[in-house]
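Taking it in order: structure first as structure tokens, then the write-up.
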Amino acid sequence: MEINPPTKSVEIKEKDLFKAAEKGDSSIFKSLSQDHLTKSLKLRNEDARSLLHVAVSSAHPEVVKLLSAAADESVVNGIDEEGWAPIHSAASIGNLELMEILLSKGEKFV
């Protein structure tokens, strides 16, 4: 006789996603369904920064790869309230690896 424990639905709060992006906690993003991850990429914080912006400015390549793989062009090229796209943050901290990840996803450097 096989007993299947009830599955527990875990709700990850918006602030926790931004904290994970800032700290480089890729396990949070790996645990999300593709649909939830795609929807989460549309979130913005109080500075109009996306999860991708936060992961880039915090220099977390693994998280940037996960997020950019699920992101469409509007997220990858999205700007914050300062007019910066994620690639501007990568350039400002001099992180070539992050710039290459973003450029391979179609980021426009303007």
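Of all the residues that make up the range 25-42, how many are under 13 Å from the mean Cα position of the chain (by Cα) and either surrounded by 16 or more Cβ atoms within 10 Å (Cβ to Cβ) or farther than 21 Å from VAL76 by Cβ (or both)?
Of the residues in the range 25-42, 9 are under 13 Å from the mean Cα position of the chain (by Cα) and either surrounded by 16 or more Cβ atoms within 10 Å (Cβ to Cβ) or farther than 21 Å from VAL76 by Cβ (or both).
Being surrounded by 19 or more Cβ atoms within 10 Å (Cβ to Cβ), aliphatic (A, V, I, L, M) and either out of contact with any helix residue (DSSP H, G or I) (no Cβ under 7 Å at 6 or more places or on another chain) or free of Cβ contacts under 8 Å to residues at least 40 places away in the same chain (or both) narrows it down to one residue among VAL63, VAL56, VAL75; which is it? It would help to see each step written out before you state the result.
Values: VAL63 fails: either out of contact with any helix residue (DSSP H, G or I) (no Cβ under 7 Å at 6 or more places or on another chain) or free of Cβ contacts under 8 Å to residues at least 40 places away in the same chain (or both); VAL56 fails: either out of contact with any helix residue (DSSP H, G or I) (no Cβ under 7 Å at 6 or more places or on another chain) or free of Cβ contacts under 8 Å to residues at least 40 places away in the same chain (or both).
Going through VAL63, VAL56, VAL75 in turn, just one is surrounded by 19 or more Cβ atoms within 10 Å (Cβ to Cβ), aliphatic (A, V, I, L, M) and either out of contact with any helix residue (DSSP H, G or I) (no Cβ under 7 Å at 6 or more places or on another chain) or free of Cβ contacts under 8 Å to residues at least 40 places away in the same chain (or both): VAL75.
We did not get these values from a lab; they are worked out from the coordinates using the rules stated. Everything quoted here is computed from the prediction, not taken from an experiment. Heads up, the Cβs are rebuilt from the backbone with ideal geometry, glycines too, and the neighbour counts pull from every protein chain shown.
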